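Encoded as structure tokens, the structure appears first; notes follow it.
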Amino acid sequence: MSEKTEEYYRTAISLSSFYGGKIQVVPKVPIRSLDDFSIWYTPGVAGVSNVIAKDPDKSFELTSRWNTIAIITNGTRVLGLGNIGPEAALPVMEGKAMIFKYLGGVDAFPLVVRAKTKEELADVAERVSPAFGGINLEDIAQPDCFYLLDRLRETLDIPVWHDDQLGTAAATLAGLVNALKVVGKRLSDVKIVMLGAGAANIAGARLLIAAGADPKKIILIDSKGALHPEREDMDKLQLVHPWKYELALKTNGERVAGGLDEAIVGADVLIAASTPGPGVVRKEHVRRMSDNAIVFAEANPVPEIWPWEAKEAGARVVATGRSDFPNQINNSLVFPAVFRGTLDVRAKKIVDEMVIEAALELARFAEERGISEDYIIPTMEEWEVYPRVATAVALKAIELGLARLKLSRDEIRERAYRMIKKSRDTLDVLVRNNLINPIPVK
């Protein structure tokens, strides 16, 4: 597997040099002659500015703000690479912008920031917000990422999303909803062990509880063991990591101490979002779980346990974060559609109810196509799921009073479908006409 990964590395470096990056900006209006500059720029543009000066919300109608988001990072936790800095984070943010456009029809701009503190990064996001219809926080170390999401959700009147938290949590919930149907269990009844207490699992635990899981039957495990109210470091957690502290108070009703060895006994579900494996989760761990166990091993590039090993040890449904195994838990199924929906109704916020709605619509889509042990969640190739999730999210925003535009289901669905299809078709036309150079043949 390492040889395959190294080959992807070499190819990505070579093609990044060939193309000079992954995204570009092109005009969206016709330029027929010099006179058109008098419309699109001076003097005509001053008329547009005067209208917006009187009513800033007109910026959503008269500029590209309605379909534009910023992808903001300080590069402190990039993929599995750690704190590599803003410049090194830029290619990842470009990739994210590419996915936003191709799968969601959303224009996304990478904004890598040299910020020393979380307050500085929040300040940057707040200051640039007038240019954007939404903000996607990306690859920011914890606990700063929790502070940033909470603060910006409060201070800004545009959608704010942290994909490492909300995207992964929503995809996990969607997969788990259908996995539980496959094995015939209920979310409110199952014991869930969550290995890793980073952005994904902290947000995931919060979302699972909001969706109906019993917090007393959830056990989170960090590098020091299971979270519970009597842990020795609770006073410190209250000061430096209040988000983890809050979950330590709510979860683990049996006060299980120790680590995975102790917590896994009798568990129905294991959600691992921790250290890449294999061997982080072992076969004997899975054997201690209940019958018809569910194992999500989401670490990349190597899951905490290989899926075939989990199956051999008795797991009924296994998911990973990889596309080359069944049941990929991938936040790329979530964030393009969530922003498509929120932008189309000009939502002011993304709240947990909207995230849950996205997850449930993902699950419904897969269920309609026929769920099984090897198909609990759609794949990124099933692009029709994106307009559906966008519609569900937009309708929930309207229901909650968070949308500036109140459109019908059919209007939202048609708009989302049209935007996403246009984006895909545009790329296809550019490639077929060699306006984007073909990938060089080796």
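All of the numbers you see were taken from the coordinates with simple rules; none came from a lab. Keep in mind that what you see is a predicted model, and the values were worked out from it rather than measured. Cβ: placed from backbone, ideal geometry, glycine included. Neighbour counts: every protein chain shown.
Quick notes
- For the pair Ala131 and Lys181, a Förster radius of 45 Å applied to the C-beta separation gives a FRET efficiency near 0.55, rounded to the nearest 0.05.
- When the chymotrypsin sites (Phe, Trp or Tyr not before Pro) in the range 34-75 are filtered for DSSP coil states and for at most 16 other beta-carbon atoms within 10 Å of their beta-carbon, the remaining sites are Tyr41.
- CD proxy at 222 nm, helix term only [per DSSP H run n ≥ 4: -39500 (n - 2.57); per residue of the chain; nearest 500]: -14500 deg cm²/dmol
- The chain - share of DSSP beta bridges that are antiparallel (%, nearest 5): 15 percent
- Between the alpha-carbon centres of the range 62-138 and the range 379-442 there is a gap of 20 Å.
- Of the trypsin sites (Lys or Arg not before Pro) found in the range 1-104, those in coil by DSSP whose Cβ has at most 15 other Cβ atoms within 10 Å are Lys28, Arg32.
- Computed over the chain, the percent of Cα pairs more than 29 Å apart is 49.
- Gaussian network model of the chain, springs between alpha carbon atoms under 10 Å - residue of Gly44, Gly167, Gly21 with greatest fluctuation: Gly44
- Applying 1/(1 + (r/R0)^6) with R0 = 35 Å to the Cβ-Cβ distance of Tyr19 and Arg404 gives a FRET efficiency near 0.40.
- Cross-link pairs Lys181/Lys421; Lys216/Lys236; Lys118/Lys349; Lys22/Lys58; Lys4/Lys116 - those with Cα-Cα distance over 29 Å: Lys181/Lys421; Lys22/Lys58; Lys4/Lys116
- Taking the square roots of five times each eigenvalue of the Cα gyration tensor of the range 191-318, the equivalent ellipsoid has semi-axes of 24, 15, 13 Å, listed largest first.
- The long axis of helix 44-54 is offset from the longest Cα principal axis of the chain by roughly 50 degrees.
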